[in-house]
Amino acid sequence: MSHDAVPGPLDDALRRHTDYGAERLEEEDVATDPIAQFTAWMAEAAERGVYEPNAMVLGTIDPDGHPSIRTVLLRGVDERGFEFYTDHTSRKGRALLANPAVSVVFPWYTLHRQVIIVGEAHPVEREASEDYFARRPRGAQIAAWSSDQSQPISSREALEQKVRDAEERFRDDETVPRPERWGGFRIVPHRVEFWQGRTSRLHDRLVFRVAVGGGWELERIQP
Ligand SMILES: Cc1cc2nc3c(=O)[nH]c(=O)nc-3n(C[C@H](O)[C@H](O)[C@H](O)COP(=O)(O)O)c2cc1C
């Protein structure tokens with residue numbers, strides 16, 4: 001649609017120029033490693049009311065070389081990396097098992113911030129997947145059995161039938177076991193960018209990269 005269309009909410013949204021404000025990100029303000037800096041920003045995002053602050057958009061490369069993206073939830077972060085859970089036979093699961101290269105963005109728009117991670121994702125240890133699956137609500141556990149994620153299905157009714165079948169299968173079991181295909185991936189980062197929006201689009205961008213010989217180096221890049 002042309003930008004000269006009749007004024008309205010769509011046109012307003014396309015033309016709006018929001019001032020990203022006065023917050024700043026200086027070299028002396030960031031932690032010495034990106035995990036500590038991420039943890040601080042993530043806590044702040046939660047505290048300042050960002051909706052689903054652990055939602056991240058995950059980009060992978062399909063076996064045919066095309067990129068594909070989707071939102072997943074971060075479920076753990078420590079010095080080993082960033083953990084999320086999914087079906088390993090889904091589109092993203094198959095992509096990652098063939099090519100572990102990933103990029104992720106945490107889009108914290110209301111804070112005028114984003115964090116962009118590049119790295120490699122590998123399956124987490126079996127026990128980590130078992131532990132996490134066991135802590136999920138029963139409904140989500142049944143759903144994991146009922147959905148071959150990313151595969152076609154003939155109708156909603158067919159999906160709901162798969163749910164009834166799974167409920168029946170585990171009716172007498174106190175706990176629902178983890179489907180073998182369901183579990184975690186951990187992203188080991190090699191580049192992490194912290195982006196803070198500034199006035200007139202002169203944003204702050206500080207990038208951590210794995211240094212030759214280990215550790216992290218920090219670099220400012222242009223907005
Ligand atoms: C806010 C939000 C959170 C989501 N979290 C997850 C998640 O943690 N794991 C997951 O497998 N899918 C999650 N999804 C669904 C995915 O975006 C996606 O539809 C699904 O994983 C299938 O992706 P794929 O076909 O590319 O593999 C989430 C979607 C939204 C909107």
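The values are calculated or read from the model by the stated rules, or taken from the named source; none is laboratory data. Keep in mind that what you see is a predicted model, and the values were worked out from it rather than measured. Virtual Cβ from ideal backbone geometry, glycine too; neighbours counted across all protein chains shown.
On the stretch given as segment 40-65, residues that are over 17 Å from F194 (Cα atoms) and either touching a helix residue (DSSP H, G or I) at 6+ places or on another chain (Cβ under 8 Å) or within 12 Å of the ligand (Cβ to nearest atom) (or both) total 9. Here I153 meets each of (1) assigned to a helix (DSSP H, G or I); (2) more than 20 Å from F38 (Cβ to Cβ); (3) more than 11 Å from the ligand (Cβ to nearest atom) with one exception, condition (1).
So that you can scan it fast, the table gives a plain yes or no per residue for (1) touching a Pro at 6+ places or on another chain (Cβ under 9 Å); (2) over 15 Å from R113 (Cα atoms); (3) touching a residue at least 12 places away in the same chain (Cβ under 8 Å); (4) not hydroxyl-bearing (S, T, Y):
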position	(1), (2), (3), (4)
F170	yes, yes, yes, yes
D173	no, yes, no, yes
V176	no, yes, yes, yes
E180	no, yes, no, yes
G183	yes, yes, yes, yes
W216	yes, yes, yes, yes
P223	no, no, yes, yes
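Of all residue pairs spaced 6 or more apart or on separate chains, those with beta-carbon atoms under 6 Å, a first member in segment 14-28 that is within 11 Å of T199 (Cβ to Cβ) and a second member that is surrounded by 10 or more Cβ atoms within 10 Å (Cβ to Cβ) and among the β-branched types (V, I, T) are D19/T199. Residue count for segment 202-212 under the criterion of being out of contact with any helix residue (DSSP H, G or I) (no Cβ under 8 Å at 6 or more places or on another chain) and either over 20 Å from F106 (Cβ atoms) or of a type in the set (F, W, Y) (or both): the result is 3.
Which members of segment 1-21 meet the condition of being charged (D, E, K, R) and modelled with pLDDT of 90 or more? Result: D11, D12, R15, R16, D19.
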